[in-house]
Amino acid sequence: MHAPPRRRMRSAAAGLTAIGSAAMLSGCDPSPEELSRKQFGPPTEVAAFNSVAECVAAGDYSQQQCIDAQRAATNDDNRTAPRFADKDVCEDQFGAGACRPSRDGGQSFFTPLLTGFLIGQLANGGYRYGGLYRDARNDRFYTGSGAWLYNGGYGGRAYRYQVGSRAITQPVTTSRIQTRSSVVSRGGFGGRVSARGGWGG
């Protein structure tokens, strides 16, 4: 009349295994926010702008501060921009015509065009400035170190974003040159925890 208990246990175990496997599969791809937290720590608020005029119009910063922020991003661009061994690898992420040849210390590579700058406030009340690079695949801003800006419109202001706090507290470092294999292994620029530390944007 009744199925053997052992058979029921096997069935239950198989069901649990299937559920567990599905849960594991669904958890294989963490969200960009989770990736950002793992790599750059808890979020902090930053402002991101395409131009000095846009920065001034926001009303939170003086014209001189906006100029200083853009100048700092431009001055650091060649050193801190993402570097790629091949132009097509760079353009795969940042778009056709959006990468330029660059040189540093006898090395040749390609970097995406600077498309904006950020202003982040440090714990001591000072500010950190840095360059931003727009990913053509998802239209998002990234710093040179691969930290991506998310939650656009944070706090009710269109130019406000969140970014991992270490992206603005760690010192600027020189970018390493990425190859196709290294980009693929990381799931794309900014896709996983970077092999290098420091804040590049």
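The values are calculated or read from the model by the stated rules, or taken from the named source; none is laboratory data. Predicted, not measured: the structure shown is a model, and the values here were computed from it. Quick reminder, even Gly has a Cβ in these numbers, built from the backbone with ideal geometry, and neighbours come from all protein chains shown.
Below, the figures for the structure above:
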| quantity | calculated |
| --- | --- |
| Tally of residues being part of a strand (DSSP E or B) and either more than 25 Å from ALA48 (Cβ to Cβ) or over 16 Å from the mean Cα position of the chain (by Cα) (or both) across region 111-123 | 1 |
| Matching residues in region 133-150 - criterion: being within 19 Å of CYS90 (Cα to Cα), in contact with a Phe, Trp or Tyr (Cβ under 7 Å, 6 or more places away or on another chain) and surrounded by fewer than 24 Cβ atoms within 10 Å (Cβ to Cβ) | ARG134, ASP135, ALA136, ARG140 |
| Residue within region 53-72 that is within 19 Å of ARG166 (Cβ to Cβ) and in contact (Cβ under 8 Å) with a residue 24 or more places away in the chain present | yes |
| Residue that is assigned to a loop (DSSP other than H, G, I, E, B) and not charged (D, E, K, R), where the choices are SER102, SER108, SER145 | SER145 |
| Residue ID - modelled with the highest pLDDT, chosen from residues in region 61-95 that are closer than 19 Å to LEU149 by Cα and in a loop (DSSP other than H, G, I, E, B) | GLY95 |
| Candidate set from region 58-83 (those that are farther than 30 Å from SER108 by Cα and in contact with a strand residue (DSSP E or B) (Cβ under 9 Å, 6 or more places away or on another chain)); member that is surrounded by the most Cβ atoms within 10 Å (Cβ to Cβ) | CYS66 |
